[in-house]
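In what follows, a single structure is set out as structure tokens and then discussed.
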Amino acid sequence: MKPDLLAAGIDVVADVLIPPVGAWPAPSALQVGADLVARLREREATVIAGALASLGAADEFAALPASDRIERIAALERDDPAVFEVLRRSVYYAYYAQPAVIRQLRAEGHDINEAPQPQGYRMEPFSAARVDGVDTRRLVWISADQVGSTLKTAS
Amino acid sequence: MNTPHELPSVPVLIIGAGMAGGAIACTLAEAGVAVTCLEQGHWVAGGSRPHGDRFYELERRFGWSTSPNVRAWDEDYPIGTDAVQPLMFNEVGGSTAIYTAAWPRFRPTDFVKEQEHGRSQDWPFSYDDLSPFYAENDRSMGVSGLDGDPAFPPHDPYPNPALPIGRRGDAFARGCEKLGWHWWPFPMAVNSREYRGRAACNYCGDCQSGCSIEALAGSHNTYWPRALAAGADLRTNARVVRIESDENGRVTGAVYVDGATGERYFQPAERTVLCANGIGTPRLMLASASPSHPNGLGNSTDLVGRNLMFHGLAIVEGWTEEILEPHKGVICAAAYSAEFAETNPERGFVNGFTLLCSGMNGPGYQANGSHSLNVAPWGEGHHEWMSSHLNRGMAILVQTEDLPIPTNRVTLDPELVDSDGVPAPFIHYRLDDNDERLLEYACGKAVEVLEAAGAVEVKVNRFFGPNGDYMPPAWHLMGTAPLGDDPATSVIDPDHQVWDAPGLYVCDGSSMPTGGAVNPTSTIGAMALRCATRILVHLGKEVPEWAA
């Protein structure tokens with residue numbers, strides 16, 4: 001499948017998997033398909049191309065009523081779960097990699113970065129007083145020289 | 001196949017630059033021994049990892065997968081299996097270059113399981129014997145932890161203070177305290193402050209792709225820089241395809257392929273130390289059969305490759321109504337409970353388990369079901385589900401001790417080969433009935449603590465495959481060439497020398513007669529330091545002060 005057709009096909013399906021709601025953008029508006037085509041290795045891209053082919057041509061699929069699009073994807077998920085999983089995982093990963101999506105998550109109160117580095121996160125240092133609730137006089141280990149009972153009945 | 005070029009002999013040849021290989025090379029080189037190490041992979045620079053890439057979660061799933069079968073880099077070899085997807089990284093540092101750096105010790109009873117219940121072998125040395133090596137290894141790796149854990153005998157202080165446990169750790173601690181269970185901050189080989197030239201962790205939460213800022217310790221950024229400074233010869237892109245032995249059964253060195261040229265070399269050695277992990281080590285031993293070792297090196301008793309242990313693993317996740325920020329901080333583990341780590345026969349099984357309060361990574365990973373396959377629905381309802389779940393959960397890694405079972409084993413795959421024509425390993429693994437009961441009980445306790453911590457939804461992932469068989473992500477590779485006092489029941493002697501293949505030592509996860517109920521790398525490193533000091537004794541050299 002040509003890269004532009006693959007990207008277009010992913011976008012159409014991605015909009016069904018993660019439909020735009022309120023302030024949440026549609027995957028196709030973020031060009032998730034093009035990102036995946038640029039990113040995926042051949043082995044995963046081939047699996048996704050196969051999944052899309054089973055759903056029908058992109059323009060034909062896009063022209064279907066919404067209920068039919070959902071039904072075709074549900075059939076793929078039911079009949080070929082391993083292939084569907086590669087498609088769904090890839091779309092979810094690519095969607096939540098989008099700066100616009102991260103901005104929306106932040107707007108909802110999440111302290112979250114586009115990528116783990118270079119910023120990382122600030123966390124409160126651990127205080128030893130936090131273990132005050134642990135009874136440190138109660139030892140939860142057994143000395144080796146106290147072992148010797150036969151426990152074979154347990155197994 | 002071209003004839004190998006024979007190289008000048010070396011005193012000590014190490015195969016594999018992972019945890020054990022690095023610790024042994026460093027100890028020997030700093031003692032003045034000429035050491036050569038053959039490593040099939042390369043140096044992976046911190047900056048080449050995907051942590052700064054907004055597609056880091058996609059990369060971690062595929063191109064940076066911890067499974068060589070998915071990752072499929074040139075230096076990886078395929079693994080045939082009907083059971084598992086093993087974690088393995090074939091680069092300098094070995095799997096410590098991609099692991100999560102959880103750093104617990106084994107417990108005193110882990111060394112005497114034969115005395116305890118009779119279904120495992122005792123180690124030929126004790127916890128107390130290994131304790132000084134644990135302490136030195138902790139210092140070398142820069143372990144962060146809180147002293148005084150009542151789940152262990154007192155030991156040398158950790159070199160760095162405990163890491164933050166965050167909101168998820170705090171919720172876990174509240175749950176344990178409510179139930180009256182033990183909990184404690186988990187020791188991690190991750191810097192809570194700058195240590196020996198490596199940066200402090202900035203809690204980015206993406207430990208599973210290694211660490212791009214080198215705050216997470218592996219042998220590649222601790223032992224190997226020291227080993228090289230002391231003169232060790234590390235040859236990368238050098239895949240060992242066979243270990244040679246003479247007509248008397250003595251191991252004489254190894255044949256390797258230079259990945260850059262395809263040329264084969266025979267590296268003779270007075271002593272060869274095999275450190276290729278719990279799968280790679282038995283694979284090489286079995287693939288190196290000769291007239292003097294017709295069943296494979298060290299395999300006259302048919303023990304090589306048997307008794308494979310991975311730990312019984314499950315992940316139980318819970319979601320609360322509060323934000324727990326499981327995407328921040330070390331992924332495994334903020335805190336843990338050892339309440340059930342010792343055998344209690346009233347439970348109906350031998351051995352025990354630990355519960356580790358772990359993270360959940362970023363939003364893409366959480367949408368894809370995190371560790372428990374609680375996948376965000378597609379279609380209508382997706383965003384609503386994310387709103388009620390994202391960053392409100394935590395994971396409990398359930399880690400149970402599995403028994404050494406002879407039929408759980410590494411053999412040579414009859415068809416699959418690597419890119420140099422060496423047979424791939426084949427893995428067969430099933431849980432014993434005892435271990436099934438243990439894992440089921442442990443999952444129940446994980447649910448209990450999550451509910452005590454305020455979880456309103458809980459999901460258990462027992463890692464059942466499509467046919468209902470237990471198919472875990474095998475993170476810990478152990479037991480396939482174990483230590484022992486008796487050549488009839490072990491592959492290597494107390495000094496790590498293969499009983500029936502003089503000149504060959506084995507030291508890695510394969511050497512462990514039992515696997516404990518915790519992550520094994522700390523114990524592998526301590527064992528490797530002890531092994532190195534035994535080699536120094538055999539060479540007539542002085543041992544380091546910390547081991548005297």
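Return the only residue of A:VAL86, A:VAL131 being open to solvent by 20 Å² or more (accessible area, probe 1.4 Å), among the β-branched types (Val, Ile, Thr) and out of contact with any Gly (no Cβ under 7 Å at 6 or more places or on another chain).
Going through A:VAL86, A:VAL131 in turn, the sole match is A:VAL86.
I'm trying to understand the selection: among the residues of segment B:15-67, which are among the hydroxyl-bearing types (Ser, Thr, Tyr) and farther than 30 Å from B:HIS371 by Cα?
Those that are among the hydroxyl-bearing types (Ser, Thr, Tyr) and farther than 30 Å from B:HIS371 by Cα: B:THR27, B:THR36.
Would you say B:VAL498 is crowded, with 24+ Cβ neighbours inside 10 Å and under 14 Å from B:VAL273 (Cβ atoms)?
Spelling it out, B:VAL498 is indeed crowded, with 24+ Cβ neighbours inside 10 Å and under 14 Å from B:VAL273 (Cβ atoms).
Taking the criterion of being within 30 Å of B:MET141 (Cβ to Cβ) and touching a Gly at 6+ places or on another chain (Cβ under 8 Å), would at least one residue in segment B:253-266 satisfy it?
no
Look through segment B:196-252, keep the residues that are of a type in the set (D, E, K, R) and within 14 Å of chain A (Cβ to nearest Cβ), and return whichever of them is farthest from B:ARG54 (Cα to Cα).
B:GLU214
Give me the pairs, please: first residue somewhere in segment B:343-354 and hydroxyl-bearing (Ser, Thr, Tyr), second residue anywhere and assigned to a helix (DSSP H, G or I) and surrounded by 15 or more Cβ atoms within 10 Å (Cβ to Cβ), beta-carbon distance under 7 Å, and either six or more positions apart or on two chains.
B:THR343/B:GLU116
Listed residues A:PRO3, A:PRO27, A:PRO65; which is at pLDDT 95 or above and over 18 Å from the mean Cα position of the chain (by Cα)?
Of A:PRO3, A:PRO27, A:PRO65, the one residue that is at pLDDT 95 or above and over 18 Å from the mean Cα position of the chain (by Cα) is A:PRO65.
Hey, can you tell me all the residues within segment B:310-332 that are of a type in the set (A, V, I, L, M, F, W, C) and either at the interface with chain A (Cβ under 10 Å from one of its Cβ atoms) or farther than 27 Å from B:VAL112 by Cα (or both)?
Of everything in segment B:310-332, those that are of a type in the set (A, V, I, L, M, F, W, C) and either at the interface with chain A (Cβ under 10 Å from one of its Cβ atoms) or farther than 27 Å from B:VAL112 by Cα (or both) turn out to be B:ILE315, B:VAL316, B:TRP319, B:ILE323, B:LEU324, B:VAL330, B:ILE331, B:CYS332.
Just the residues that are charged (D, E, K, R) and open to solvent by less than 60 Å² (accessible area, probe 1.4 Å), please, taken from segment B:437-457.
Selection gives B:LYS445 alone.
Tell me yes or no: at least one residue of segment B:123-136 is closer than 29 Å to B:GLY93 by Cα, of a type outside the set (S, T, N, Q), free of Cβ contacts under 8 Å to residues at least 40 places away in the same chain and open to solvent by less than 40 Å² (accessible area, probe 1.4 Å).
Looking for residues that are closer than 29 Å to B:GLY93 by Cα, of a type outside the set (S, T, N, Q), free of Cβ contacts under 8 Å to residues at least 40 places away in the same chain and open to solvent by less than 40 Å² (accessible area, probe 1.4 Å), one finds at least one in segment B:123-136, hence yes.
Can you tell me which of (1) assigned to a helix (DSSP H, G or I); (2) surrounded by 21 or more Cβ atoms within 10 Å (Cβ to Cβ) is the one A:ALA97 doesn't meet?
Of the numbered conditions (1) assigned to a helix (DSSP H, G or I); (2) surrounded by 21 or more Cβ atoms within 10 Å (Cβ to Cβ), the odd one out for A:ALA97 is (1).
Looking only at segment B:371-418, filter to residues that are closer than 23 Å to B:ASP82 by Cβ, open to solvent by 50 Å² or more (accessible area, probe 1.4 Å) and in a loop (DSSP other than H, G, I, E, B); which one of those is nearest to the other protein chains (Cβ to nearest Cβ)?
Here the residue is B:LEU373.
Only one of B:GLY32, B:GLY80, B:GLY46 is surrounded by fewer than 22 Cβ atoms within 10 Å (Cβ to Cβ) and either at pLDDT below 95 or within 14 Å of another protein chain (Cβ to nearest Cβ) (or both); which?
Criteria check complete, one pass: B:GLY46.
What residue, among those in segment A:60-71 that are closer than 14 Å to A:GLY9 by Cα and surrounded by 12 or more Cβ atoms within 10 Å (Cβ to Cβ), is farthest from the other protein chains (Cβ to nearest Cβ)?
The selected residue is A:ALA63.
Would you tally the residues in segment A:112-138 being within 7 Å of chain B (Cβ to nearest Cβ), out of contact with any Leu (no Cβ under 7 Å at 6 or more places or on another chain) and either within 18 Å of B:ALA199 (Cα to Cα) or part of a loop (DSSP other than H, G, I, E, B) (or both)?
Of the residues in segment A:112-138, 13 are within 7 Å of chain B (Cβ to nearest Cβ), out of contact with any Leu (no Cβ under 7 Å at 6 or more places or on another chain) and either within 18 Å of B:ALA199 (Cα to Cα) or part of a loop (DSSP other than H, G, I, E, B) (or both).
Only one of these conditions is not met by B:VAL92: (1) more than 11 Å from chain A (Cβ to nearest Cβ); (2) farther than 28 Å from B:ALA532 by Cβ; (3) of a type outside the set (S, T, N, Q); (4) touching a Leu at 6+ places or on another chain (Cβ under 8 Å). Which number is it?
(2)
Quick one: in segment B:95-117, which of the residues that are of a type in the set (Phe, Trp, Tyr) and either under 22 Å from B:ARG430 (Cβ atoms) or more than 14 Å from chain A (Cβ to nearest Cβ) (or both) is least open to solvent (accessible area, probe 1.4 Å)? Spell out the reasoning first.
To start, the set of residues in segment B:95-117 that are of a type in the set (Phe, Trp, Tyr) comprises B:99, B:103, B:106, B:111.
Okay, now just the ones that are also either under 22 Å from B:ARG430 (Cβ atoms) or more than 14 Å from chain A (Cβ to nearest Cβ) (or both), so B:99, B:103.
On the way: B:TYR99: 21, B:TRP103: 3 Å².
Only one residue fits best here, namely B:TRP103.
B:THR252: open to solvent by 10 Å² or more (accessible area, probe 1.4 Å), over 30 Å from A:PRO125 (Cα atoms) and touching a residue at least 24 places away in the same chain (Cβ under 8 Å), yes or no?
On the way: open to solvent by 10 Å² or more (accessible area, probe 1.4 Å): yes; over 30 Å from A:PRO125 (Cα atoms): yes; touching a residue at least 24 places away in the same chain (Cβ under 8 Å): yes.
Yes: the conditions hold for B:THR252.
Can you pull out every residue in segment A:100-111 that is within 7 Å of chain B (Cβ to nearest Cβ) and either in a helix (DSSP H, G or I) or closer than 22 Å to A:ILE10 by Cβ (or both)?
Result: A:LEU105, single match.
What tally of residues in segment B:342-361 results from selecting those that are in a loop (DSSP other than H, G, I, E, B) and within 7 Å of another protein chain (Cβ to nearest Cβ)?
Matching residues across segment B:342-361 total 5.
Quick test of your reading of the structure: B:GLU6 fulfils all but one of (1) under 22 Å from B:PHE133 (Cα atoms); (2) touching a residue at least 60 places away in the same chain (Cβ under 8 Å). Name the failing condition by number.
(1)
Please specify each residue of segment B:144-167 satisfying the condition of being within 22 Å of the chain's Cα centre (by Cα) and either closer than 30 Å to A:GLN146 by Cβ or among the basic types (Lys, Arg) (or both).
Those that are within 22 Å of the chain's Cα centre (by Cα) and either closer than 30 Å to A:GLN146 by Cβ or among the basic types (Lys, Arg) (or both): B:GLY145, B:ALA151, B:PHE152, B:TYR158, B:ALA162.
Let's see how each residue does on (1) under 24 Å from the mean Cα position of the chain (by Cα); (2) of a type outside the set (Phe, Trp, Tyr); (3) not in a strand (DSSP E or B):
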residue	(1), (2), (3)
B:ASN2	no, yes, yes
B:LEU13	yes, yes, no
B:GLY22	yes, yes, yes
B:ALA25	yes, yes, yes
B:GLN40	yes, yes, yes
B:GLY47	yes, yes, yes
B:GLY63	yes, yes, yes
B:ASP74	yes, yes, yes
B:PRO86	yes, yes, yes
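Does segment A:82-96 contain any residue that is closer than 29 Å to A:LEU52 by Cα, of a type in the set (Val, Ile, Thr), free of Cβ contacts under 8 Å to residues at least 40 places away in the same chain and more than 7 Å from chain B (Cβ to nearest Cβ)?
Within segment A:82-96, the subset closer than 29 Å to A:LEU52 by Cα is A:82-96.
After this cut, where a residue has to be of a type in the set (Val, Ile, Thr) as well, the list is A:83, A:86, A:91.
Adding the requirement that they be free of Cβ contacts under 8 Å to residues at least 40 places away in the same chain leaves A:83.
Restricting the remaining residues to those that are more than 7 Å from chain B (Cβ to nearest Cβ) gives A:83.
Yes, segment A:82-96 contains at least one residue that is closer than 29 Å to A:LEU52 by Cα, of a type in the set (Val, Ile, Thr), free of Cβ contacts under 8 Å to residues at least 40 places away in the same chain and more than 7 Å from chain B (Cβ to nearest Cβ).
Filtering segment B:271-306 down to residues that are within 16 Å of the chain's Cα centre (by Cα) and among the polar types (S, T, N, Q), which residue is surrounded by the fewest Cβ atoms within 10 Å (Cβ to Cβ)?
So, considering only residues that are within 16 Å of the chain's Cα centre (by Cα) and among the polar types (S, T, N, Q), the one surrounded by the fewest Cβ atoms within 10 Å (Cβ to Cβ) is B:ASN277.
Report, ordered by the first and then the second residue, all pairs with beta carbons closer than 6 Å, sequence separation of six or more or different chains, a first member in segment A:28-45 that is within 12 Å of chain B (Cβ to nearest Cβ), and a second member that is in a helix (DSSP H, G or I) and among the polar types (S, T, N, Q).
Pairs found: A:LEU36/A:SER90.
Hey, can you tell me all the residues within segment B:290-341 that are in contact with a Ser or Thr (Cβ under 6 Å, 6 or more places away or on another chain) and in a loop (DSSP other than H, G, I, E, B)?
Within segment B:290-341, B:SER292, B:LEU297, B:GLY305, B:LEU308, B:ILE331, B:ALA338, B:ALA341 qualify.
The values are calculated or read from the model by the stated rules, or taken from the named source; none is laboratory data. On a predicted model such as this, the values are computed, not experimentally measured, just so you know. Don't worry about glycine lacking a Cβ; one is built from the backbone with ideal geometry, like all the others, and counts go over all protein chains shown. To get the accessible areas, we keep the full protein, side chains included, count just its heavy atoms, and leave off ligands, DNA and RNA. Shrake-Rupley method; radii C 1.70, N 1.55, O 1.52, S 1.80 Å.
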